[in-house]
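All of the numbers you see were taken from the coordinates with simple rules; none came from a lab. None of the values given here were measured: they were computed from a predicted structure. Positions of Cβ are generated from backbone atoms using ideal geometry, with glycine treated the same way; all protein chains shown enter the neighbour counts.
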Amino acid sequence: MEKHLFLAGHTACYGCGEALGARLVVDAAGPNIITTDATGCLEVFSSRWPQSAWAVPFIHSLFENSAAVASGVEAALKAMGRQGEAKVIAQGGDGGTADIGLQCLSGMFERGHDILYVCYDNEAYMNTGVQRSGLTPYDSDTRTSPSGKVSWGNRYLKKDMPAIAAAHGVPYIATASVAYPKDVQSKVKKALSITGPKYVQVHVPCPLGWKSDPALTIKVAKLAVETGLYPIFEMENGVVTKVRKIPRPAKPVTEYLKLQGRFAHLFKKGGGEAEVKKIQQIADENIKKYGLLSEAAEKVAVEKE
Amino acid sequence: MIEIRIHGRGGQGIVTSGELIGFAAFSDGKYAQAYPSFGSERMGSPVTTYVRIDDRPIRTRTLIYNPDFIIIQDSTLLATEPVLDGLKPKGLVLVNTKKSADALGLDLNSRVLTIPAAELAMEALGRPIVNTTILGAFAAASGAISLEGIRSALEHRFTKELAEKNLKAATKGYNFVKEKKQ
Amino acid sequence: MKVILGGLAQPATSLANNTGTWRNYIPVFLQKTCTGCTICAIVCPEGCVYSVEKKKFTFDAKYCKGCGMCAAECPVDDIEMVMEEK
Amino acid sequence: MARTFTEGSKAVAETVKLCRPNVIAAYPITPQTHISEELAQMVANGELKAEYVTVESEFAAASVVLGASATGARTYTATSSQGLLLMTEVLFNISGMRLPVVMTCANRAVSSPINIWNDQQDSISVRDAGWVQLYAEDIQEASDLHLQAFRIAEHPEVLLPVMVCMDGFILTHAYEPVDLIEQKEADAFLPPYQPQYYLTPKNPITFGAMMGPESYMEARCQLDRALWGSARIVEEVAKEFKKRFGRFQGALVDTYCIEGAEIVLVAMGSVISTIKEAIDLLRKEGVKVGLLKVRCFRPFPREAIKEALVGAREVLAIDRAFSPGSGGVLATEIRAALQDVKKAPEIKGHIVGLGGREISVETIINIVKDRKAVGREDRFVDLKEALLK
C-alpha cells in the first residue's frame, strides 16, 4: 500500500468524504506536524482506543476547543524553542468550527498563532446523527431542520466562515473540495508555508447525512462546485486572489440537489420549484460575487486533476 | 495588637495607605496585616482598609470592629457613613480636614486630631494626593509606625523619585502633628 | 493492552482493524484500459488502493469497504464493482 | 530566603515565576485577577520567560494549558468562580489525559445571585473533576503550595493536575509578611518537567482516544488510583519542603490543640486562622476544643481524618460551601469517612461564610457553645432570619 499518514482501518462510513479529506490534508502536510481535532466523526472513526489511524502526533480534547488546544501546542513549542520540530494543524468539523468552537477559533485567529485550521465541512452534525449546523445549506433536510408540511428544511444560509476569518486579518484563507484532491493538497502546502493563522475549509460530502450514493462522493462534491453553490477560492490578506473557475454555462443546481436525499422534498412537494429557484439564486450570487464562470467553457470542463 | 481602620473613597489611595502602614510596621520589625474592603467599589464610593500590627504573627482574618485607630481620609464620610463605629475608648481618630477637631463636634470618648492634608500635600507633591501626608501624621499621632518605616515602605512601593516626594509629604504630615502636640 | 495514562493510543495502529469485512461489493481492477492516472488511489477514503506497476492498480481487501468511489471515478471504466460472495 | 510584606496574589505570582512555567494562560476574573496581572507584568518585564496566552475565556485558558501540557510544557492557569465553572468540561479532560497542570483557584461564590466575595462553592463544585485539591490557610501557605503543587503534579506516579485553592480577597488581596524562596532553592526543589509522553513527531502518539465500554472503566479506575496514590506524594513533598525551607503547615491534614480535645472543629482554608484564635479563647475558658485542618481535600484523606477524630466526642464541620439538597460537603464526607468507626463522634455540619459573609471569632465560639441546642441537620450559621420571613 501507499505510505499514508492517515491510515486504513479507520471506521468511517463507506464513501466518507471527511476521511478522504483528512488523509489528503495530513499527507500533504507531511510527518512533521502536530494535529488537534474537535470531537466529531473524524475523531471517533480515527482514534478508537487502542487503535489510531494517525501516524502523526494527534490530540483530541473536546468538541469546541480544537483551536485553543492547538494554541496551547503552538505556545508550548514556542516557549520551549521547539518551533522547528513541527507545524501545528487544528482540525474540526463544521459544527466544531463554525458553531460551538467559533469562540476558540476567533481567539486563535486574533492572537495570530502560527496554526493552520482545517474545517472539514460536511454541512451538518453528522456524528450525532445529522442535525443542522451553521454551515448547513439552505433548505437542507436534517433531523433538527426537517422538512415537513410547513417546512422546507433549514431556513438559514451558510455562515460565511471565510469572511469571518478575513475579518480577523487571517493572512491565508482558502476553500477547497475533495472533488479536487490536488487543489486541497497544494492549498495545505501553501498555507503551511505562511506564518500566522491560516484557515482552509474543505467541502467533504457525507453520504449518510446527504443521503447520497457513497460511490458518488466525488461526483456530488464536484457538482457543488460546478453549480456555484460551493465556490472554491483563495484569499490572501483579505483579498480574493484566486478562484476555481467553473465551466460556462454553470450547471443548474437541480443536477446537484437531485443526487441527495437531503433535498428530495424539494422535488416531491408542490411549491418546491420556488425553493429550488431560491437555491439557484444563491448559486448565481456566488458566481457573480466570486466571478466563478470561466472565459472558455470547454477548456476548463475537460481539465482533469 | 493594634488595629487600624482607614476610611476614604475609591481612587484616594486607601488600599495603598493600608499597604504602606503594614509595610512600615513590617520594616519596623513587627508583624502586620493589611487588606482592603473587598468589593467592586468604584471611584468615589466609600471604601475601607484594615490594618493590624502586632509583635507576634497575626492569625485573625476578620474585619476590624473595634479599632484602636481610625483614619478618615475624606471628612465628608463623617456625615454619611458609620465610620466611627466601634472605636475603642481612648482611641484616636485622625481626620483629613481644614477644620479643627472641636469644629467637627464629634461626641467621642477618644482623641480627635485633624490635619489639612490637601494643603500639605500640595506643598510637597504639587498635587492634592493626601494619603502619604496622612500616613506621616498617623505615625506621629499613634507611634504605631516610625517615619523610618514609612521611608522604607515608600521606597519599596514607588520609584525613587516618587518615593522621595511622598516622603516629603509624609514628613510634613508627621511634623504637623508633632508641632501641634507641643 | 494496558491503559496508559488515560488512554494513549500508539500511532498507525488502525491497520489492525479489518474493515474489509464491512464490504458487500468488491472492486475488480480489470487492468485493461488503465492509463495510470492514479485517481482511484487518490480518492479511496481508506487509502487502500495502490499501484503494482505504472498502469496496474489493485487494492488491499483487508481494508476496502466497497464504497465504489474508485469505480465511479475511473475515467476509463477499468474498475467494476461486483457483489461479493462471502 | 527573603521576607517581604506583600499581597497574597503577588506572593503567589512570585512563586509561580520561580516554578518556571513555559506557558501561562488565564482570563481575568475577580478576585483572581491580580495573580494573572502580576505574571503578565513579569513576562512583559522579561523577568519570566514564558508564553503568556491572552485567551478569550476561561474555557480557552484551560484548553490552551491542556494543549501546552500535552506538548510537554510546564503550564499554569488561575481562575475563580464562574471562570472555574466555565472550565469544568476541560478540567475533566486535563485530569483524564493525566496532564500535570497547576491552577490557582481564588475561591469565590458562584452565581446566581452574582457575588464576587469569598466562599468555596466553586472549587467544591468541581471536586469530582479528578484534580488534586489543596487549600491554603494563609498567604505563606498559598505561596508555598504552588512550588509543592508542581512537584506533586509532575511526579511520575501522579501525573495529575493540582488546584491550589486560596480564599478570594481574604488571601488574594491581603498583605502579610511572606518568606519568598530564592530561584536557586526553587530550582533545586523543582527540577524541569520531563514528560514521558508528549506531542512530538519523534513519537507520534495519539492523545484523547475514544474508549468504549470495554476499557473506559479501567481508564477511570486508573485515574482514581493515581489520585489516591497522590496522597503519599503530597505528604512526601510537604516533608521535603519542610526539610529544605523549614516551613510545614500540614500535609494531608494538620491539627491544633487536638490532644485531649472532646470537641473538634474541621475546616479548610483561611477560616483555619480564625478558628485557632477562637480555640485559644475557648481553651482559656476550659472548653476542650481542638482543630483538624483539612489541607488536602482531593484525594480525601480518610485515614488521616479518622485517626485525628477517633478520640473526639463531637465533631463540628465548618463548611464554606454546600451541596443543595444534601448538606455541608466536608460534613458529609467526614460522616462517610467515620461510618465504620465504633463509638464514632457525633458530627454536626455548619455552613458558614457564604458569599463573603463574615466569619468572626465570635461566630466560631458561638458554634461551639450552641452545639447542644441545635439538631443533627447541617445548619446555616448566622442567618438573618428577617430576610427569610
Among D:Ile116, D:Tyr27, D:Tyr197, which residue has its Cα positioned farthest towards the positive end of the charge dipole of chain D, with +1 placed on the Cβ of Lys and Arg, -1 on the Cβ of Asp and Glu, and the dipole taken about the Cα centre?
-> D:Tyr197
If you wrap the protein assembly as shown's Cα atoms in a convex hull and average its projection over all directions, what's the area in nm²?
-> 48.0 nm²
Heads up, the stretch D:253-387 by the C-alpha gyration tensor (a ≥ b ≥ c square roots of eigenvalues; a/c under 1.5 rounded, else a/b over b/c prolate, else oblate) looks rounded
Scalar couplings 3J(HN,Hα) for the stretch D:6-18 by Karplus 6.51 cos²θ - 1.76 cosθ + 1.60 (θ = phi - 60°), nearest whole Hz, x for Gly and Pro, are 8, 6, x, 4, 5, 4, 5, 4, 4, 5, 4, 4, 4
Cut-off 13 Å between beta-carbons: net charge of the residues surrounding D:Gly327, Lys and Arg +1, Asp and Glu -1 = 0
Pairwise centroid distance, computed over Cα atoms, of the stretch A:71-144 with the stretch D:211-279, Å | 40 Å
Label the stretch D:96-167 by shape, choosing from rounded, prolate and oblate, from the square roots a ≥ b ≥ c of the eigenvalues of the Cα gyration tensor; if a/c is under 1.5 it is rounded, and otherwise prolate applies when a/b is larger than b/c, oblate when it is not.
-> oblate
Listed residues A:Ile89, A:Ile232, A:Ile287; largest mean-square fluctuation, Gaussian network over chain A with Cα springs below 10 Å, found at A:Ile287
Directionally averaged shadow of the stretch B:2-181, computed from the convex hull of its alpha-carbon atoms, nm² = 9.6 nm²
What share of the DSSP beta bridges in the stretch D:252-385 is antiparallel, in percent to the nearest 5?
-> 25 percent
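In square nanometres and to one decimal, what's the mean projected area of the convex hull around the Cα atoms of chain D?
20.5 nm²
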B:Val95's amide H: which non-local residues (gap 5+, or another chain) put their own amide H closer than 5 Å, with H modeled 1.01 Å from N in plane and none for Pro or chain starts?
-> B:Ile72, B:Leu113, B:Thr114, B:Ile115
In the stretch D:173-230, GluC sites (Glu not before Pro) in a DSSP loop with at most 12 other beta-carbon atoms within 10 Å = D:Glu182, D:Glu214
List the aspartates and glutamates whose alpha-carbon lies under 15 Å from that of D:Lys372, not counting same-chain residues fewer than 8 positions away?
-> D:Glu262, D:Glu314, D:Glu346
Per DSSP H run of n ≥ 4, the term is -39500 (n - 2.57); total these for the protein assembly as shown, divide by its residue number, and report the mean residue ellipticity at 222 nm rounded to 500 deg cm²/dmol.
-> -10500 deg cm²/dmol
Relative contact order %, the stretch D:65-179, counting alpha carbon pairs below 8 Å whose residues are six or more apart | 29 percent
Treating the beta-carbon of each Lys and Arg as +1 and of each Asp and Glu as -1, no other charges, what is the dipole magnitude of the protein assembly as shown about its Cα centre, to the nearest 20 debye?
-> 380 debye
Which three lengths, in whole Å and largest first, does the stretch A:167-305 cover when its Cα atoms are put on their principal axes?
-> 52, 33, 33
Karplus ³J(HN,Hα) for the stretch B:95-109 (6.51 cos²θ - 1.76 cosθ + 1.60, θ = phi - 60°; Hz, whole; x = Gly/Pro) runs 10, 7, 6, 7, 5, 7, 4, 5, 5, 6, x, 7, 8, 10, 8
Chain D: angle of helix D:58-70 to the longest principal axis, Cα-based, in degrees nearest 10 = 60 degrees
Over all distinct alpha-carbon pairs, what is the Kirkwood Rh of the stretch A:66-122 in angstrom?
-> 11.4 Å
Highest-MSF residue in chain C out of C:Cys74, C:Cys37, C:Cys48 [GNM, Cα springs under 10 Å] | C:Cys37
How far is the Cα center of the stretch D:326-389 from the Cα center of the stretch A:193-248, in Å?
-> 63 Å
Helix D:33-44 sits off the longest principal axis of the Cα atoms of chain D, rounded to the nearest 10 on a 0 to 90 degree scale, by 30 degrees
Antiparallel content of DSSP bridges confined to the protein assembly as shown, in %, to 5 = 40 percent
Expected vector for the stretch C:56-70, Karplus 3J(HN,Hα) from phi with 6.51, -1.76, 1.60 and θ = phi - 60°, integer Hz, x for Gly and Pro, equals 9, 10, 8, 9, 9, 5, 5, 10, 4, 8, x, 6, x, 5, 4
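Apply the a/c threshold of 1.5 to the C-alpha gyration tensor of the stretch D:1-152 and tell me whether it is rounded, prolate or oblate.
rounded
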Where a Cα-Cα gap under 28 Å defines reach, which lysines qualify for B:Lys88, not counting those fewer than 8 residues away within the same chain?
-> B:Lys30, B:Lys98, B:Lys99, B:Lys172, B:Lys178, B:Lys180, B:Lys181, D:Lys276, D:Lys284, D:Lys369, D:Lys384
In debye to the nearest 20, how big a dipole does chain B give about its Cα centre with +1 on each Lys and Arg Cβ and -1 on each Asp and Glu Cβ?
-> 120 debye
Extension gain, D:Asp370 back to D:Lys239 (0.36 nm per residue minus Cα-Cα distance, nm) | 43.4 nm
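Pairs of Cα atoms under 8 Å, at least six residues apart: use those to get the relative contact order of chain A, whole percent.
16 percent
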Average Cα contact separation per residue, chain B, under 8 Å, 6 or more apart, as relative contact order % = 22 percent
C:Lys32, D:Lys10 arranged by Cβ crowding within 10 Å, fewest neighbours leading | C:Lys32, D:Lys10
Scaled by the rule-of-thumb 2.2 N^0.38 Å, the alpha carbon Rg for chain A gives a ratio of 0.97
In a Gaussian network model of chain D with springs linking alpha carbons closer than 10 Å, the residue among D:Ala261, D:Ala62, D:Ala142 that fluctuates most is D:Ala261
FRET efficiency, 1/(1 + (r/R0)^6) with R0 35 Å, evaluated for A:Lys289 and A:Ala264 via beta carbons | 0.80
Test item: C:71-80 mean partner chain Cβ contacts at 10 Å | 2
Between the stretch A:150-178 and the stretch B:1-44, the Cα center-to-center distance that results, in Å | 54 Å
Once you put a point 7 Å from the Cα of D:Lys306 and another 7 Å from the Cα of B:Glu148, both along the Cβ direction, what distance in nm separates them?
-> 5.8 nm
Listed here are the pairs A:Lys219/A:Lys278; A:Lys189/C:Lys54; A:Lys149/A:Lys245; A:Lys190/A:Lys288; D:Lys10/D:Lys239; A:Lys245/A:Lys269; which of them are more than 32 Å apart at the Cα?
-> A:Lys149/A:Lys245; A:Lys245/A:Lys269
Amide H to amide H, which residues 5 or more places from D:Phe380 or on other chains are under 5 Å from it, using H placed in the peptide plane?
-> D:Ile351
When only alpha-carbon atoms count, how far does the stretch B:133-182 stretch along each of its three principal axes, as whole angstroms with the largest first?
-> 34, 18, 13
Would you tally the net charge around D:Ala13, using a Cβ to Cβ cut-off of less than 12 Å, leaving D:Ala13 out, and scoring K and R as +1, D and E as -1?
-> -3
